[in-house]
Amino acid sequence: MPQFNSLIGFLDSRSFGTVWYWLVVIGTWSLTGRSVIGVPVEILSRARAALAEGKGDAPVVLHLLDWLSLVLPRWRLGRREGACFLAATGFALSSLAIMGIGYDLELALASFLLLMPLAALFWMRIALARRLVPLLEAAEQGAQPIPEAASQAVRRMVIHRRLVTVLSMAAVAVTALWGALWSVIHPYGF
């Protein structure tokens, strides 16, 4: 049976100095780019290519709209739920920031640097879903032609994907710079 001290040494709560933290950071941000609010990037790129060729009624365009009809209800957040979620995440993130920056706790600071951009990503996805729902409803009711609704949806999803890429690069860069600064200031983890 392993001793408790060796388990703590294996996991090591000093975040910036361990490979585990950096694997989580890189893994998390590489996974965020694999889909746009739950729609795989491959489906988005195929629909974009079909629309660029002028094939607005291609099956892949309808496939994208089908995916959106499945994933958009998951991203609906009412006012009450949104306020509760915003309050809870605001409290958690500000607590981590105060403990990390104010009280110099490395694990709290590392958690804040990981979770703050993810919270921003969550709200970006909620905003995208709110913009896509009226497009999908208009296409379903026949108020807007399907190729036009799909074209607008693809355009908004591509913009969102580019913003997520910028956010992920900035999050990794800021975390790496802050981790390097932390390691210089605290060379032995103290």
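The values are calculated or read from the model by the stated rules, or taken from the named source; none is laboratory data. All values reported here derive from a predicted model rather than from experimental measurement. Reconstructed Cβ throughout: ideal geometry from the backbone, glycine too, with neighbour counts over all protein chains shown. Side chains included, ligands, DNA and RNA excluded: accessible areas come from the protein's heavy atoms. Shrake-Rupley method; radii C 1.70, N 1.55, O 1.52, S 1.80 Å.
Quick notes
- Residue order by solvent-accessible surface for 112, 85, 16, 91 is 91, 85, 112, 16, largest first, with ligands and nucleic acids left out and a 1.4 Å probe.
- Classified by the C-alpha gyration tensor, region 36-81 has a prolate form. Its axis ratio a/c, with a ≥ b ≥ c, is 1.5 or above, and a/b is larger than b/c.
- Accessible area, probe 1.4 Å, largest first, for residues 32, 165: 165, 32
- Taken about its Cα centre, the chain carries a charge dipole of roughly 340 debye when the Cβ of each Lys and Arg holds +1 and the Cβ of each Asp and Glu holds -1.
- Contact order, relative form, for the chain: 30 percent (alpha carbon pairs under 8 Å, 6 or more residues apart, mean separation divided by residue count).
- For the chain, the share of accessible area belonging to carbon and sulfur comes to 67 percent (1.4 Å probe, ligands and nucleic acids excluded).
- Computed accessible area, residue 163, all protein chains, 1.4 angstrom probe, square angstrom: 90 Å²
- Ligands, DNA and RNA are left out, and with a 1.4 angstrom probe the accessible area of region 82-121 is 53 Å² per residue.
- 3J(HN,Hα) couplings calculated from phi for region 52-61 with the Karplus curve 6.51 cos²θ - 1.76 cosθ + 1.60 (θ = phi - 60°) are, in sequence order, 5, 7, x, 9, x, 9, 5, x, 5, 5 Hz; Gly and Pro show x.
- P(r) tail fraction, the chain - alpha-carbon pairs more than 20 Å apart, %: 64 percent
- Accessible area per residue (1.4 Å probe, heavy atoms of protein chains only) ranks 126, 159 as 159, 126, with the largest value leading.
- Low-density loop cleavage sites - GluC sites (Glu not before Pro) in region 33-131, where at most 12 other Cβ are within 10 Å (DSSP): 53
- Estimated [θ] at 222 nm from DSSP helical runs (n ≥ 4, -39500 (n - 2.57)) normalised by residues in the chain, nearest 500: -26000 deg cm²/dmol
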